[in-house]
Amino acid sequence: MADFSPVTKAVVPAAGLGTRFLPATKATPKEMLPIVDKPAIQYVVEEAVTAGLSDVLLITGRSKRSIEDHFDRAYELEEALHAKGDSERLAAVRESDELAIMHYVRQGEPKGLGHAVYCARQHVGDEPFAVLLGDDMIDARDALLERMIEVRRRYGGSVVALMEVEPEQVSLYGCAAIEPTNEADVVRVTDLVEKPVPGEAPSQWIIIGRYVCDPAIFDVLEKTPPGRGGEIQLTDALLTLANRSAAEGGPVHGVLFRGRRYDTGNKLDYLRTVVQFAADRPDLADEFLPWLEGFLAEQRRRSPGAQPDRTDRTDRTDRADRADRHGRPEGDR
């Protein structure tokens, strides 16, 4: 029987080692790296809460204790701020522990994103749930997750977020074969192709790190053998559900997202994200943007006529390695 239950829980995988940011992530979880003055993981939890999901499960690993501490009370710090009369910073400190009902489970060993999601089974139970990957940040002004939940409520099954990229980029990603529905921003997913051969991709729409999953995915993940990289891939399980009826936990629909997405999966994109967020901050923009303009002008003056490569070789390799948001090695998430 088709399950059209409301979505109330969010799962956030956060067990990766963050090797692309070493040595910064040797003792600090990648998810705790700041976007200006707030850790990236908090933006992801805020997105879930804004979509009405106040029950949040983080899939963590060893050396991730500071994430739990961030979403807990800090009594000594709060007392110090209260004594100083610093109400603004006190409110900022308390904001994270009042955001949501937080839960944590450890992924004992890195077996892939599919395995990380499977670790949520006991907490989620037989309810549909959202999955948010921390490397993808969606602008708060773009209600992507809310729209995905609405699509799930209407069609059942699972829902993935799709974003269009340039034709030459498709071969770097996992993309979806899609069929239109009677809604302009909703499609039916018929196939998922991992890094298609250039020119043979079924579409230019790639899957980004937002999912709404039917609970039937747990039974599928339990039986899904390791795929690319020797790990259990979430896309393999979704492909199985895409070919099922609503009574069996399918199908899979996609929401075509044309909004603002920020990437923190590698150093260059992380820096871009920090600059973009700073430029949008009313308390920073008036001073930051003139400084940035002056800095860039000075850089150009020092190297007249230079046309620097905006993406160095290391970053291009990084992009190819992490391009499939669903199959990249667990340790690099």
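Arg244 falls short of the stated requirement of being within 18 Å of the chain's Cα centre (by Cα) and at pLDDT 90 or above. Residue-level analysis places Tyr262 outside the set of residues that are under 22 Å from Asp142 (Cα atoms) and at pLDDT 95 or above. The residue list Glu168, Glu179, Glu200, Glu183 contains one member that is surrounded by fewer than 19 Cβ atoms within 10 Å (Cβ to Cβ) and either touching a residue at least 60 places away in the same chain (Cβ under 8 Å) or in a helix (DSSP H, G or I) (or both), which is Glu168. Is it true that Ala161 is closer than 20 Å to Asp142 by Cβ and modelled with pLDDT of 95 or more? Considered against the rule, which asks whether it is closer than 20 Å to Asp142 by Cβ and modelled with pLDDT of 95 or more, Ala161 comes out as yes. Just one of the listed residues (Leu268, Leu241, Leu296) is without any contact (Cβ under 8 Å) to a residue 12 or more places away in the chain and among the aliphatic types (A, V, I, L, M), and it is Leu296. The set of residues in segment 199-221 that are out of contact with any strand residue (DSSP E or B) (no Cβ under 6 Å at 6 or more places or on another chain) and at pLDDT below 95 comprises Gly199, Glu200.
The values are calculated or read from the model by the stated rules, or taken from the named source; none is laboratory data. Small disclaimer: the values here were computed from a predicted structure and weren't measured. We place every Cβ from the backbone using ideal geometry, glycine too, and count neighbours over all the protein chains shown.
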